[in-house]
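*Asks:* So that we are looking at the same thing, I have put the structure below in structure tokens.
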Amino acid sequence: MGSVFAAIEAGGTKFVCGIGTGPDDLETIQIPTGEPQVTLDAVIHFFRNSKRRPDAVGIGSFGPICTDRSSTLWGYITSTPKAGWRDCDLAGPLGAALGVPVGFDTDVNAAALGEAEWGAARDVKDFLYLTVGTGIGGGAVASGKLIHGMSHPEMGHIRVPHDILTDPFPGCCPFHGDCLEGLASGTAMRARWGVAGDQLPPEHPAWALEARYLALAVVNFGLTLSTRRVILGGGVMHQAHLLPIVRQEVERLLNGYVEPPELVAPALGDMAGVCGALVLARRALNYEAV
Ligand code: ZN
């Protein structure tokens with residue numbers, strides 16, 4: 001029998017928890033994200049009541065988080081604007097409650113690992129996973145390794161050109177206003193148009209604007225990292241008509257200078273994060289660096 005892993009995708013609206021040896025036998029539940037203590041108690045309750053005992057736990061979390069193993073804040077969510085979750089220790093209480101090693105990284109880095117192992121990036125070593133949902137985040141794999149840097153990339157907060165004459169919306173990022181997330185997240189779409197993206201018909205001008213901002217981001221990341229493939233996931237990308245217009249806009253912006261990266265949907269769909277948390281757990285058990 002293979003090792004059993006507990007996997008957690010910790011999101012701002014829900015925690016997806018799974019237990020299994022891999023994606024095929026993964027038993028999952030979703031827990032709404034409430035107060036930290038209440039939420040973590042519900043997560044621990046699920047794993048303790050599972051018929052299987054995990055050998056390790058992997059957590060892919062919303063951020064910013066501390067991924068520096070030498071820091072006393074490793075395993076913490078740090079400067080999040082989400083009420084109650086600032087400076088919240090996730091890895092400590094979960095590891096202690098389950099009595100197993102903990103792997104910890106961002107939700108998007110986890111999703112990238114999941115797609116690399118079982119999904120849309122099995123055949124490439126240079127790719128990017130971008131999620132466009134309530135917020136925007138990205139995980140980059142270069143030469144087969146996740147990029148961490150000083151802490152972890154914060155791709156949602158880059159600056160993209162914002163023409164306030166054609167788009168007078170000031171942006172909704174509490175830190176930067178009109179950064180990429182402030183202009184193009186699901187939260188921004190709702191604030192700009194008064195309704196959620198899934199309420200806007202495909203011919204609505206919202207989509208051309210959204211495609212432009214996402215394409216600007218893809219072009220900037222692609223040119224910086226020489227990324228071969230970009231996996232675009234998250235709730236906003238559930239509108240299947242969006243991906244082709246982002247692709248067109250990327251080609252238009254690059255203007256034949258270099259080959260555009262391939263733009264694809266996540267093969268694991270919304271399970272990419274929790275599947276990637278399985279990989280984080282396995283690496284923690286094997287003492288492998290992420
Ligand atoms: Zn921002």
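*Asks:* Working with all protein chains in place, sort Met271, Met189, Met150, Met237 by solvent-accessible area computed with a 1.4 Å probe, largest first.
*Replies:* Sorted descending by solvent-accessible area, the residues read Met150, Met271, Met237, Met189.
*Asks:* Excluding same-chain residues fewer than 8 positions from Lys51, which aspartates and glutamates have a Cα within less than 20 Å of its Cα?
*Replies:* The reachable aspartates and glutamates, counting only those whose Cα sits under 20 Å from Lys51, are Asp24, Asp25, Glu27, Asp41.
*Asks:* Something else about it: Could you run the Debye sum over the Cα atoms of the chain, one equal point scatterer each and no solvent, and tell me log10 of I(q)/I(0) at q = 0.08, 0.10, 0.11, 0.15 Å⁻¹, two decimals?
*Replies:* Evaluating at q = 0.08, 0.10, 0.11, 0.15 Å⁻¹ gives log10 I(q)/I(0) of -0.33, -0.51, -0.62, -1.12.
*Asks:* How would the stretch 193-232 be classified by its alpha-carbon gyration tensor: rounded, prolate or oblate, with rounded meaning a/c under 1.5 and the a/b versus b/c comparison settling the rest? Let's see the in-between values first.
*Replies:* Details: a/c = 3.44, a/b = 2.78, b/c = 1.23.
The shape class here is prolate.
*Asks:* Let me ask something additional. Any idea of Cys179's accessible area? Nearest 10 Å², probe 1.4 Å.
*Replies:* Approximately 0 Å² for this residue.
*Asks:* I need the phi-derived Karplus couplings for the stretch 204-220: 6.51 cos²θ - 1.76 cosθ + 1.60, θ = phi - 60°, integer Hz, Gly and Pro marked x.
*Replies:* Couplings: 5, x, 3, 6, 5, 5, 4, 4, 5, 5, 5, 5, 4, 5, 4, 5, 5 Hz.
*Asks:* Taking a cut-off of 20 Å between Cα atoms, list the aspartates and glutamates near Lys125, but don't count ones fewer than 8 places away on the same chain.
*Replies:* Asp105, Asp107, Glu115, Glu117, Glu259, Glu262, Glu288
*Asks:* If you put +1 on each Lys and Arg Cβ and -1 on each Asp and Glu Cβ, how big is the dipole of the stretch 178-248 around its Cα centre, in Debye rounded to 20? Don't skip to the end; give the middle numbers.
*Replies:* Details: 6 positive and 5 negative charges, 50 e Å.
Around 240 debye, computed over the stretch 178-248.
*Asks:* Let me ask you something else. Whole-Hz ³J(HN,Hα) for each residue in the stretch 100-117, computed from phi via Karplus 6.51 cos²θ - 1.76 cosθ + 1.60 with θ = phi - 60°, x for glycine and proline: what do you get?
*Replies:* 9, x, 10, x, 9, 7, 6, 4, 6, 5, 4, 4, 4, 5, x, 5, 5, 7
*Asks:* When every alpha-carbon pair in the stretch 122-266 is counted, what percent end up more than 26 Å apart?
*Replies:* Values: 2000 of 10440 pairs.
For the stretch 122-266, the fraction of Cα-Cα distances above 26 Å is 19 percent.
The values are calculated or read from the model by the stated rules, or taken from the named source; none is laboratory data. Treat the numbers as computed from the prediction; the structure is a model and nothing was measured. All Cβ positions, even for glycine, are placed from backbone atoms using ideal geometry, and neighbour counts span all protein chains on display. Just the protein is used for accessible areas: all its heavy atoms, side chains included, with ligands, DNA and RNA removed. Shrake-Rupley method; radii C 1.70, N 1.55, O 1.52, S 1.80 Å.
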